């Protein structure tokens, strides 16, 4: 694994692909490779793109790659796929729409169809970002489908967060927006030719305004709301995405100029440490219980009501843990 | 906490509300109350409802409550709210649309706006189900907003899973459906008066058929696809939801008659044990690192590149863990 880290450091694309595949498979000693490359990380600008399914994030990402390539910036993309809990398979594959960049050595697109429970996805994303970072990508785009808690965790790894909204998604989206308000650095209203786009724009602007009133403008960044034209007019689409690109870079520059980048870096690092601890402390315990067949026996005992999950968990903690925080 | 468990067992609604509030706040010794009630659980039929934001799940849940009340069945509802990572606040509150049931003692609705990282949400849901179960609710509906991995984990706690689709949500939804196919026991096409409902119905039916071809019909249950009429016609809406109610009960009866209920119970219990171990092993470690200020210092060291999250996680594991699975 250390060797794999060294090869990635040397710019070996095949090694990078293999390492990302290992992250996805949650191979336990992958951390050794990431450990190896960590010191060289931190140079890329990480851009998170999130929003509800159907909001057109993949198309937007594809166009954003093109917009950055126009400026000769190199781009890495980590597309987080929703996975099935049973097959663990990727559903969207390597995002068909991005295939036009497949031949471009300045673009590196990988899907992460991370499986497994509780925290594994966000962990793999944080590590995948490091891999693309040491490959020297100027911009790393993390695209995640969804608007749940999990997506918020994933987005913690980004410097600049784009939330994509789309007209006609009903009331719940409005409520979600209130939560997204706090994580969004830029709102994009996609499919802006659709009915209801004007209304959505106004509502989002109002929410940005309310948020300014609530939190003050001390942080100085007023979350912009950008309208992106329909894909039915390719030229206009490209143009509006170039406006988005410039706004993204403006946000990054703003973070740097105002000494706010360190705050983002802290958030990123906090997420990473937490996820690494998950990988070192909890994941091996669960894995052993699974492979030894003990999990199966524990399930049987609970079903017979001989015991309960909480007593079992306490037993496990006592068996595996040297020190019990909070119980001393 | 044990006392709180005993009061819930005695049917004390205020104690139940308090316990659910504690679960939501992830108060660490809450497990003692759940331990106390566990033996009395397992009597309720747990129904999971999931789907993309804007799919109309709350309205559907509200009508489903009414449909069950018509039959004098008692209903508990756990509505999982998307939360902000910063304020941790509930966004949707106690689902405004369900307020019409507020005065009905046969209905117990609670929102779970669970906060905190990595697994806490699903854990609170599993425990909240137990609370409603010992209160004697015939049906427990778990409504979760979203279609990510997190939602799939939550839905593991259900016997019968309903996936709500809605016309006009774009391509990604179609891809997601493939993943949802494996968890769905019943598909509901909501807002069936909208343009594209017929197309969505056909596509979903095709997918069900393909899935039958792939997995065979050995399990005997053919996932039905139900069309639910628009809320613009209240009478028709109620009628179509009564059809859904009967289909849900048919599925539960099918599980029982075919001895498949134990498989669902295993899945439920496996999720619960995993989450309890998370609560006993990982959560206290993270909490101590946070409260002692060590997390802050670790972040500083990583930012200075003095160390990396993976080496730190290994140190933490060595400090806290007696036995290192997989390293022996």
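Counting beta carbons within 10 Å around each of A:100, B:264 and listing the fewest first gives the order A:100, B:264. Counting other Cβ atoms within 10 Å as a rough exposure proxy, the listed residues A:108, A:254 run A:254, A:108 from fewest neighbours to most. The calculated FRET efficiency for residue B:21 paired with residue B:235, based on their beta-carbon distance and R0 = 35 Å, is about 0.40. Distances between equivalent label points of residue A:103 across the copies, with each point positioned 7 Å along Cα→Cβ, amount to 7.1 nm, shortest listed first. On the basis of the beta-carbon distance and an R0 of 30 Å, residue A:3 and residue B:315 show a calculated FRET efficiency of 0.80. Put a dot 7 Å past the Cα of residue B:259, heading toward its Cβ, do the same for residue B:247, and the two dots end up 2.9 nm apart.
Each of B:290, B:272 has some number of other Cβ atoms within 10 Å of its Cβ, and from fewest to most they run B:290, B:272. The Cα atoms of segment B:25-78 give a gyration tensor whose axes a ≥ b ≥ c have a/c of 1.5 or more with a/b no greater than b/c, which makes the shape oblate. For residue A:209, the point set 7 Å out from Cα toward Cβ sits 5.3 nm from its twins in the other copies, listed from shortest up.
A short reminder: the numbers here are calculations on the coordinates, not readings from a lab. On a predicted model such as this, the values are computed, not experimentally measured, just so you know. With ideal geometry, Cβ positions are generated from the backbone for all residues, glycine too; neighbour counts draw on all protein chains shown.
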